[in-house]
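Read through the structure below, which is laid out as structure tokens, and then see the notes.
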Amino acid sequence: MGKYVLKSLLQIIPVLFIVSLIVFILVRVTGDPVALMLPETATAEDRAVLTQALGLDQPLYTQYVKFLGSAIQGDFGQSFRYNQPALELVLERLPASFELAVAAMFFAVLMAVPLGVISAVKRNTFTDLIISGISVIGKAMPNFWMGIMLILLFSVMLGVLPVSGRGGFSHLILPAFTLGVGLAAQMTRLIRSSMLEILNQDYIRTARSKGLGRMVVIVKHAFRNGLIPVVTIMSLQFTSLIGGTLITETVFSWPGLGQLLVVAVNTHDMAIVQAAVFVIAVIVVVTNILTDVAYRLLDPRIKYD
Amino acid sequence: MKKRQWTGMWITLLAVVMVLSACGGKTTSTNDGAATEGTGSGSASTTLTIAAATDIESFDPHNNNNTSSEAVLVNVFDYLIKNDSEQKKVAGLATSWDQVDDTTWRFKLREGVTFHNGDPFTSADVKYTLERVAKDETLKQNSYFKNIVEVKVVDDYTVDIITDGPDPLLLNRLSKMGAGILPAKYIADNGFDAFLKQPVGTGPYKFSKWTKDDRVELVKNESYFDGEPKWNEVVFRVIPEASTRVSELLAGGVDVASSIPSTDIARIEGEADKKIVKAPIQRVLQLIFRQTEGSITADPKVREAIDLAIDKQGIVDSIAGGAGIVTRTSVTPGNFGADPSLYKTSLYDQEKAKQLLQEAGYAEGEAEMTISVSAQYKEQAEVVAAMLEQAGFKINLDVLEASAFSERYSSKSFKEIFMIGIGNSLFDASNNYNRYMLEEAKGESDYNNPEVEKLLQSALVNMDPAAREKEYQQVQQIFSEERPAVYLYQMEGVYGTNAKVNFAPRSDEMFYADEITPVAQ
């Protein structure tokens, strides 16, 4: 296990190298930050001066070598917009995104586990149909639309929850719920099918025929095994929650990584885009390793060499 | 029987969980809700909360280039000269100013002013501030200040500002972002990074906290030279999504919300304690033509036909929700050199447009041209295109994402027409017209008129305001005939406010917190 973790950690290096190269090229071929930084009335001379000052007149490979050299030392360059180290700005935002992702995950699990188990246990009944219906709607509803509707209902009409921004626990409820619903819908379906499969297994029948209570069978035998695919989807979803909460963060003015990235892309703040994508890549890789570890803990039969 | 029990248990559990989470939410939110209201703008509390769509870039007034940054920073940093709400120059940190010769201005500074950290404000601060922005080419405001050669300290409260040639715009430059006075000693002692984390100015409000993309919090400067500020605290919130900004206003979380979309105007006006206020801003939406030889828009008849084919008032009413003023010049009142005879008026005559197009030798659908536009003005461009097609043109609409538009703009690679809203932070006609000078126009519009060139060159260095104003007015008259551009309308800023504050928006889009007053209750 320890050896496996070490090996995986070493594999991060080439992955991050490739990610850095792709992002570097993408942000440079998609537009010119200088044009966005200067006023409309700036002259060609002003532009040339700024381009040179930012080192954008150098050939692409020189720029990349320079970038890579500093990146290894943890320096992802200065943000054009904020004139501050990009990595610092990205790391500053992580707690906010992390908080939102964890809360969304919490909501999702809270909704999906009971619903998924119920619909598996009560398969092909009216209850199952209702739950399936709800999850299809939950999955199909666009995030931003739901966010706006929730704001209208709970903040504008009822006045019980704040509209936007990051503050206490109450600020977290609407955005986390918005993000959690889509995820919950997906997890409900997954838990249902995974539980269904397990409930038909021989060992469940054996357990039942031993005279164990139904509750014990479901919770102790079936549920634990049914969790494995759920862990997978949770880890995959968690990484996308960290990096992909763009729309929800924008709707709720949540000052997280997603919002930073949206503004950076709009203003062509290359250093931030590079640093943010890099950090997200690190999170994805690390989460994948943690997922593998969690599998093993759940199912001792899974071995890694 | 057993089965039923099971289901019952699950449902009970689910119900308990749901109730618990709902309860948890409600109790906390009630507390929080009360707190939010308290910080909103109750009669007892004196916090002013303003919501804007974009965050400030930093607390470095020299390295910012957006209006929403300046709108916040004017409360922390003072200029030597201020623009009042009518854009007249009034004393700021300087109490008087005189022109010594063509390239030298002498400023008398206000005595007894202190920075937020207690340091006295003197000539040394002016020298440090203006020479920094004039000499550091990497600063975003540098292009506005690079013609300042030197700031000479005459004594502690007198400075001479020397320019590299006659500069009729010096006073305009000194009253805009980039001229915010910084504390020389504080920065020398602590370094610029420390300054950015804990900025210090002379303004009516002191820095308290900045959470990026969330809020800037300022507190009252008790020892402000111009009397005690009105609010204990001023909070600028960043809410990029327009519908969220409107909701925040309706829910009472903010006192003033800027950039209200035209579709939400009626909804806000329908609320008893909410208001919509508007003011013209420094931005005129316009079509700029390529007059390069061989280009279809090089023909003055074609340009006139385009002008006549567009119903500008119609666009204002339909797309802008009425928030616009039609104009035939981009130098609107409040700017130096404005020609009022061309303001609040527009030409529209579809029949004549069709006729002109025929005279120019084009049959229906033969006059084909491309209009490039940034996505933010997509709707206006679509209406313009439809109107032009009705008059017999064939239009290719080229809608570009903002940064793609900027790149094409700076590389001057648009085809026949590009549509753009141009602002004017200097409040001077030169800002509108420099692009039509021979050198600058090359490759963009390729506009070339020796008479205009002579007038513009002269106005650039003319230190006699009356003569200079005439020159720009002459240029406007020529432009209204020659149409190097067709102006659609001057935009208006649309704000929503709650009934607890009096707010009259400014044409420069600044939020001077002390110009916003609480309504006595």
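Here is how the numbers come out for the structure above:
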read-out: Tally of residues being in contact with a strand residue (DSSP E or B) (Cβ under 6 Å, 6 or more places away or on another chain) and either charged (D, E, K, R) or farther than 13 Å from B:Gln286 by Cβ (or both) across the range B:375-388; value: 4
read-out: Failed criterion for B:Val486 (all others in (1) assigned to a strand (DSSP E or B); (2) at pLDDT below 95 hold); value: (2)
read-out: Test result for B:Val149, modelled with pLDDT of 95 or more, farther than 18 Å from B:Phe77 by Cα and among the β-branched types (Val, Ile, Thr); value: yes
read-out: Residues of the range B:375-398 classified as touching an Asp or Glu at 6+ places or on another chain (Cβ under 8 Å) and surrounded by 14 or more Cβ atoms within 10 Å (Cβ to Cβ), total; value: 6
read-out: Inter-residue pairs, beta-carbon under 7 Å, first assigned to a helix (DSSP H, G or I) and in the range B:296-307, second of a type in the set (S, T, N, Q), 6+ apart; value: B:Thr297/B:Gln291; B:Ala298/B:Gln291; B:Ala298/B:Thr292; B:Arg303/B:Thr297
read-out: Residue within the range A:4-13 that is of a type in the set (Ser, Thr, Tyr), within 14 Å of chain B (Cβ to nearest Cβ) and surrounded by fewer than 20 Cβ atoms within 10 Å (Cβ to Cβ) present; value: no
read-out: Test for A:Leu110: is it within 23 Å of A:Ala264 (Cα to Cα) and part of a helix (DSSP H, G or I); value: no
read-out: Hits in the range B:90-146 - residues which are of a type outside the set (Lys, Arg), in contact with a Leu (Cβ under 6 Å, 6 or more places away or on another chain) and not in a strand (DSSP E or B); value: B:Gly92, B:Leu93, B:Thr129, B:Val133
read-out: Candidate set: the range B:206-221, residues that are among the polar types (S, T, N, Q) and away from chain A (no Cβ under 14 Å); chosen: the one nearest to B:Glu57 (Cα to Cα); value: B:Ser208
read-out: Those residues of the range B:243-278 which are more than 16 Å from B:Pro505 (Cα to Cα), more than 22 Å from the chain's Cα centre (by Cα) and of a type in the set (D, E, K, R), in sequence order; value: B:Glu248, B:Arg267, B:Glu269, B:Glu271, B:Asp273
read-out: Residue pairs meeting the criteria (Cβ under 9 Å; at least 6 apart or on separate chains; first farther than 18 Å from B:Asp273 by Cα and at the interface with chain A (Cβ under 7 Å from one of its Cβ atoms), in the range B:240-252; second surrounded by fewer than 22 Cβ atoms within 10 Å (Cβ to Cβ) and of a type in the set (D, E, K, R)); value: B:Ser243/B:Asp264
read-out: Residue match in the range B:261-276 (condition: at pLDDT below 95, of a type in the set (Ser, Thr, Tyr) and over 30 Å from B:Asp446 (Cβ atoms)); value: yes
read-out: Residue in the range B:437-448 that is assigned to a helix (DSSP H, G or I), surrounded by 18 or more Cβ atoms within 10 Å (Cβ to Cβ) and free of Cβ contacts under 8 Å to residues at least 60 places away in the same chain present; value: yes
read-out: Subset of the range A:18-35 [of a type outside the set (Gly, Ala, Ser) and within 21 Å of the chain's Cα centre (by Cα)]; value: A:Ile18, A:Val19, A:Ile22, A:Val23
read-out: Those strands (runs of 3 or more DSSP E) lying entirely in the range B:190-281 with at least 3 residues touching a Cys at 6+ places or on another chain (Cβ under 6 Å) and surrounded by 15 or more Cβ atoms within 10 Å (Cβ to Cβ); value: none
read-out: Tally, over the range A:148-159, of residues that are facing another protein chain (nearest Cβ under 7 Å) and under 10 Å from B:Ala251 (Cα atoms); value: 5
read-out: Qualifying residue in the range A:47-68 (condition: under 30 Å from B:Asn424 (Cα atoms), among the β-branched types (Val, Ile, Thr) and in a loop (DSSP other than H, G, I, E, B)); value: no
read-out: Residues located in the range B:314-346, provided they are touching a residue at least 40 places away in the same chain (Cβ under 8 Å) and surrounded by fewer than 16 Cβ atoms within 10 Å (Cβ to Cβ); value: B:Gly314, B:Ser318, B:Gly322
read-out: Filter result (surrounded by fewer than 17 Cβ atoms within 10 Å (Cβ to Cβ) and within 25 Å of A:Val34 (Cα to Cα)) within the range B:150-175; value: none
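The values are calculated or read from the model by the stated rules, or taken from the named source; none is laboratory data. In this text the structure is predicted, and so the values were computed from the model without any measurement. Counting neighbours? That spans all protein chains shown, and the Cβs are built from the backbone with ideal geometry, glycine included.
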